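Please see the structure below; I have some questions.
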Amino acid sequence: MLGRRHDPRPTPSRCAGRSATCGRPEDVRLDAVEQIVQWTSSFYPTWDHAYAQQLLRQFDLPAKGKVKTLSKGQNTRLALLLALAHRPESSSSMIRRWAWTHRPQGVPAQRDHVAPGGGDDRVLLQHLLYEIEPVADRIAILDQGRIIKAAPTDELRDTVRRFVFRPKVAKELGRVPGVLDAVQQDGRWNVTVELMDTDTRAAWSASADGDIEEIGLNLDEIFEAYVIGNRGREVAPC
């Protein structure tokens with residue numbers, strides 16, 4: 001959600017007496033992380049230096065380290081620091097190839113910075129869904145530039161399910177509402193269904209010849225079902 005943002009462009013009044021920083025003259029060296037942070041702070045009157053130092057420690061960034069030696073993950077965390085340290089009232093930070101520390105326990109610790117309270121929104125553009133699953137509150141799935149599904153993360157996990165069963169009678173799955181994908185193997189169907197609720201679950205259970213197995217899906221599996229699912233059209237009736 002886009003909102004009001006501070007204009008990052010320096011104005012003459014803000015650059016007065018700052019000829020050594022504003023405009024990035026050739027004689028200003030920005031080799032180290034702390035130099036990049038200090039230089040960026042000159043553009044924002046709301047820059048919070050204490051918060052910037054907190055993020056340096058939280059994101060495990062070497063203040064004296066050379067920017068050119070940072071890993072891809074460190075570069076991404078540095079960009080996130082620069083986007084957050086001026087305490088934007090409302091902003092949309094778009095981050096591609098988002099990478100946290102290699103420690104799995106590092107994700108929850110940094111969630112407060114990605115999706116803080118107080119009305120701030122962050123938009124994460126990511127193809128590694130296992131990285132955003134623990135921190136994203138809402139997911140939008142795009143296919144060829146078009147949003148084909150948007151919902152809270154928990155709602156997606158609760159309402160997109162897979163059933164494995166042997167059907168009682170032949171059924172044209174392509175005509176059944178809510179079918180995202182279906183595979184038939186050894187007389188059993190693997191059917192991925194959206195918009196799951198009590199009535200839908202009961203209807204699928206009633207169509208099974210014997211036991212029916214219900215499986216929860218992760219975001220990668222849900223994404224595949226929406227983007228490349230066959231909608232039941234490629235599964236011949238038993």
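Values quoted throughout were computed directly from the atomic coordinates according to the rules given, and no laboratory measurement underlies them. All of these numbers come straight from a predicted model, not from anything done at the bench. Glycine also receives a Cβ, built like all others from the backbone with ideal geometry; neighbour counts cover every protein chain displayed.
Please order Arg146, Arg157 by the number of other Cβ within 10 Å, starting at the fewest. Mind dumping the intermediate values first?
Details: Arg146 7, Arg157 17.
Arranged by neighbour count, lowest to highest, Arg146, Arg157 become Arg146, Arg157.
Under 21 Å Cα to Cα from Lys168, which lysines show up? Leave out anything in the same chain fewer than 8 places away.
Output for Lys168: empty list, no partners.
If you don't mind, another one. Could you line up Trp204, Trp47 from fewest to most neighbouring Cβ atoms inside 10 Å?
Working: Trp204 21, Trp47 18.
Fewest to most other Cβ atoms nearby, the residues stand as Trp47, Trp204.
Can you spot the lysines whose alpha carbon is less than 30 Å from Lys171's alpha carbon? Ignore those fewer than 8 places along the same chain.
Cross-link targets: Lys149.
Let me ask you something else. List the residues, sorted by chain then number, that are 5 or more residues from His86 or on another chain and whose placed amide H is less than 5 Å from its amide H.
Under 5 Å from the amide H of His86: Asp48.
Near the amide H of Asp209, under 5 Å away, which other amide H atoms are found, from residues 5 or more places off or on another chain, if H is placed in the peptide plane?
Here the answer is Arg166, Lys168, since their amide H atoms fall under 5 Å of that of Asp209.
I would also like to ask the following. Round to the nearest 0.05 the FRET efficiency obtained for Val164 and Asp60 when R0 = 45 Å and r is the Cβ-Cβ distance.
Working: r = 43 Å, r/R0 = 0.96.
Plugging the Cβ-Cβ distance into 1/(1 + (r/R0)^6) gives 0.55.
If packing is taken as the mean number of other Cβ atoms within 10 Å per residue, what is the order of 206-216, 67-77, highest first? Walk me through the intermediate numbers first.
Numbers: 206-216: 12.5, 67-77: 14.5.
The most tightly packed comes first, giving 67-77, 206-216.
Explain nothing, just compute: Karplus ³J(HN,Hα) = 6.51 cos²θ - 1.76 cosθ + 1.60, θ = phi - 60°, for every residue of the range 66-78 in order, whole Hz, x for Gly and Pro.
After applying 6.51 cos²θ - 1.76 cosθ + 1.60, I find 6, 4, 5, 9, 5, 6, 4, x, 5, 4, 5, 5, 5 Hz.
Okay, next question. For Arg231, which sequence-distant residues (separation of 5 or more, or a different chain) have an amide H within less than 5 Å of its own amide H, given hydrogens modelled in the peptide plane?
Answer set, sorted by chain and number: Asp181, Ala182.
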